[in-house]
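Presented below is the structure to which this report refers.
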């Protein structure tokens, strides 16, 4: 009986490593008469990184029904994680993550110029049996407008995800994010990955649900959506310095928190140009962007919210380029 | 509350029929990843599986499975030799044919009647456009040169002729103990199938110890005198799908039987793309469950492939889980034909 494990065994779910130097010559000249146990002398360490940059054009931003002007966004993101494999089913995840949203603003908008985060990644992956993979990560770091940084800028979102291998073609995913500073302190989202035909995959997994078509082993086309966002501390003079025009201010916004959300819909491609590196290029439309400014939810006091958004249909185009790798 | 005094008795009677055997089974399986085996559950259709875990071979991935077939060991042994997976469409094996002991290149004629699908078309295209400077097929330098020369000279489609020669040469070298001289020339180095097989077989010393005697009688052992080599129970070639592209493979099955158990080793020593080599090791024991003569099958799948080296951390873990699913599909298809 020959195995038929050739099909999805080789789903390189991601990642790769240059083989040069690994093509070991065989030191076992024969099927030796004595059993020589290979010894794993060092802990395997997987590494992964992501670098992404995108530009979203100006979209008319409103406070209530009042137009404040066009707001554009340059988003950049870098992530690096090393995963030492402690045992067969247990890997640590240690790394850094940095994201920056840099906005071009109209002069009379009570909006931050920058929303940025620099944080550590501390977590683990755990296999539960042969069907369930768990991931839990803490992301302690600075999440703010990066003006007059102080202790209030510290936050530690928690992300927990689980995937259940229903079959080789169908997996169920559940993700939960906990961020006590956010307007939505606990968010749970389900997802599925379903390979419903040889070349088609429905990867309905937040924050990037996609319908994918694999042209060949190197090139995948996709269409889908992307949810960009985070929770950021504003500085203690933010409202004082960001009024609706000269001589005005919004001191009630000082030391507040901003939940930023940008929803993107578009299409793109992923090109695996080496076995361990891939280029991702996409573009589309941002139908909705929201700045939800409120006081910190820690303590759960009731505070009024201050929302600035664009109306659906009044969005802007975007373009995004990213490189991912794993070693 | 009314009790059901007969229920525990019925369960106890059922257990009694397997308990004496169970102790032996656990002893027999001491080399494997399985302990405290529940034969009753296996007889009910459960396939017990285990990922191979961390092994000291970057391009290798392994798994173990344990299941029961409702048939006698001799039937299962024969089925391991004669099973044709191409009748199960979900396994994506386009062609599987046994070869006679004295084969010739005309015995590969099945390559001329492959299904017309995108997977096979990709293989035909890769053959017709083969570029030795950027090889998309796993060939030696000499095979690549032969393919290029044939393509340049051929008036008719050279697909069957070229692959018949390549497979014939690979089989001949394997059977004559010359697998060590075989190579795959890749753009970033050279792969030796024998080295891949040895690394896989040595990955778990307990499994290697269990199969050492059988493997030492195969051409894998350098210096084995031809007269002391075991004759293969089957020589075969096949065409199957790897990630949307068909690959041509060839291998040999070796078996050894004792009154207590049967061992089988399926060594696929050549594959044209996507996979370097594979080995499937099976061991069969007779078991009696509820008065029926059945077969307990332990199976190990050992695979070396280029993409596996690029899987790390959680990706590798997930791939191991997917591998178990695929092996399980194959086992269920196999078992359905045995009983």
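Quick note: the coordinates plus some simple rules give every number you see, no bench work behind them. Please read all numbers here as calculations on a predicted model, not as lab measurements. FYI the Cβ positions are ideal-geometry reconstructions off the backbone, even for glycines, and counts take in every protein chain you see.
Tabulated results
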quantity	calculated
Radius of gyration, Dmax [the range A:46-326; alpha carbons; angstrom]	19.9, 64
Distance between the range B:279-339 and the range A:81-104 - C-alpha centres, whole angstrom	33
Spin-label pair residue A:323/residue A:241, simplified geometry with 7 Å Cα→Cβ offset, distance in nm	3.4
Paramagnetic reach from residue A:208 (point 7 Å along Cα→Cβ, amide N under 15 Å) across the range B:310-337	none
Mean-position separation - Cα centroids, the range A:57-71 and the range A:211-272, in angstrom	15
Part-to-part distance (alpha-carbon centres) for the range A:171-202 and the range B:106-154, which is given in Å	43
Helix B:141-153 axis, angle to chain B major axis (alpha carbon atoms, nearest 10°)	60
Rg in Å to one decimal, and Dmax rounded to a whole Å, for the range B:134-267 via C-alpha atoms	16.9, 57
When the protein assembly as shown is reduced to its Cα atoms, the Kirkwood hydrodynamic radius in Å	28.2
The range A:46-326: relative contact order in percent, alpha carbon pairs under 8 Å with at least 6 residues between	17
Segment residue A:43-residue A:63, extension gain: residue separation times 0.36 nm, minus the distance between their alpha carbons	1.8 nm
Relative contact order, percent, chain B [alpha-carbon distance under 8 Å, six or more residues apart]	24
Over chain B: Kirkwood hydrodynamic radius from C-alpha pairwise inverse distances, Å	21.4
The range A:176-228: relative contact order in percent, alpha carbon pairs under 8 Å with at least 6 residues between	22
Mean Cβ neighbour count within 10 Å, used as a protection proxy, ranking A:232-242, B:131-141 highest first	A:232-242, B:131-141
Shielding by partners - mean other protein chain Cβ count within 10 Å, residues of A:56-68	0
Using a Förster distance of 25 Å, the FRET efficiency for residue A:225-residue A:273 (Cβ separation, nearest 0.05)	0.50
Other protein chain Cβ atoms within 10 Å, averaged over every residue that makes up B:300-310	5
Taking all pairs of distinct alpha-carbon atoms in the range A:118-253, Kirkwood radius in angstrom	18.0
Rounded, prolate or oblate (a/c below 1.5 giving rounded, otherwise prolate when a/b exceeds b/c) for the range B:81-144 by Cα gyration tensor	oblate
Degrees separating the helix B:313-338 axis from the principal Cα axis of chain B, which is the longest one	80
Value of [θ]222 nm, deg cm²/dmol, for chain B, DSSP H segments ≥ 4, -39500 (n - 2.57) each, nearest 500	-11500 deg cm²/dmol
Cβ neighbours within 10 Å from other chains - mean over A:123-131	3
By average C-beta atoms within 10 angstrom, highest first, the peptides B:251-259, B:189-197	B:189-197, B:251-259
Overall form of the range B:219-339 per C-alpha gyration tensor (a/c, 1.5; a/b vs b/c)	oblate
Relative packing of peptides B:265-276, B:167-178 - highest average C-beta neighbours within 10 Å first	B:265-276, B:167-178
Point-to-point label distance, residue A:167-residue A:120, nm (Cα→Cβ direction, 7 Å offset)	4.4
